[in-house]
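The values are calculated or read from the model by the stated rules, or taken from the named source; none is laboratory data. Given the structure is predicted, the values throughout are model-derived calculations rather than measurements. Virtual Cβ from ideal backbone geometry, glycine too; neighbours counted across all protein chains shown.
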Amino acid sequence: MKKILLVLAGVLVAAVLGLVGATMAQPDTLHIERSLTISASAADIAPYTTDFDLWQKWSPWEKKDPAMKQTYSEPKSGVGAWYEWTGNDEVGHGKMIVLESAPTKVVHDLEFFSPWQSKALITFSFVEAADATTVTWAMDEKPNFSGKMAGLFMDMDAMLGADFAAGLSSLKPLAEADATERKATEAAAAAAAAAATIAVEAPVPPAEPSP
């Protein structure tokens, strides 16, 4: 019996050491990204990544737990704005802060407190071409030990990548509707300005001589 216990203990130790070794062999960086082309300008799209009121309209995680508890900064948009949530096991507990807002990209600091602790940078990049913009949603993280261990059992790229793709698909019709409305407003303003210019430049008929 003693020999059996020693063998089992040896197997257990070997399994633990193997798991630790496999975990430590995981990459020190994690990069995940998905892209989508949207028929809108970067200016139409960016507010959905910097305004947390608008964020809720397309975020893939809002749909996973409609009952999540949320706390916001005041104001809720712009550099320095933050959003904290606590939800079910699918969304966990985390906080996101807008670090940078530029014409070509928006950067968030993302921190998870549970189900495990991690920190990452989220970047939305905008590349305009003609009447469309390619939006790339990326995450860069240096996983800690628990994050590396999670990577042994879960395909993080497939899991989070699917969320990124779903979010961008929800963002697309919102931004395109805003772009359509903006273009209509701009066209109406241009037409009004042209009409005003024509009216100003129209020749004034000469006054009739007095009798």
Answer yes or no: is there a residue in the range 147-156 that is in a helix (DSSP H, G or I), touching a Pro at 6+ places or on another chain (Cβ under 9 Å) and at pLDDT 65 or above. yes
Members of the range 98-115 found to be within 22 Å of LYS63 (Cβ to Cβ) and either among the polar types (S, T, N, Q) or not in a strand (DSSP E or B) (or both), listed by number: SER114, PRO115
Select from the range 54-97 the residues that are under 17 Å from the mean Cα position of the chain (by Cα), aliphatic (A, V, I, L, M) and part of a loop (DSSP other than H, G, I, E, B) and list them in ascending order. VAL79, ALA81, VAL91
Among the residues of the range 135-144, is any out of contact with any strand residue (DSSP E or B) (no Cβ under 7 Å at 6 or more places or on another chain), at pLDDT below 95, surrounded by 16 or more Cβ atoms within 10 Å (Cβ to Cβ) and not in a loop (DSSP other than H, G, I, E, B)? no
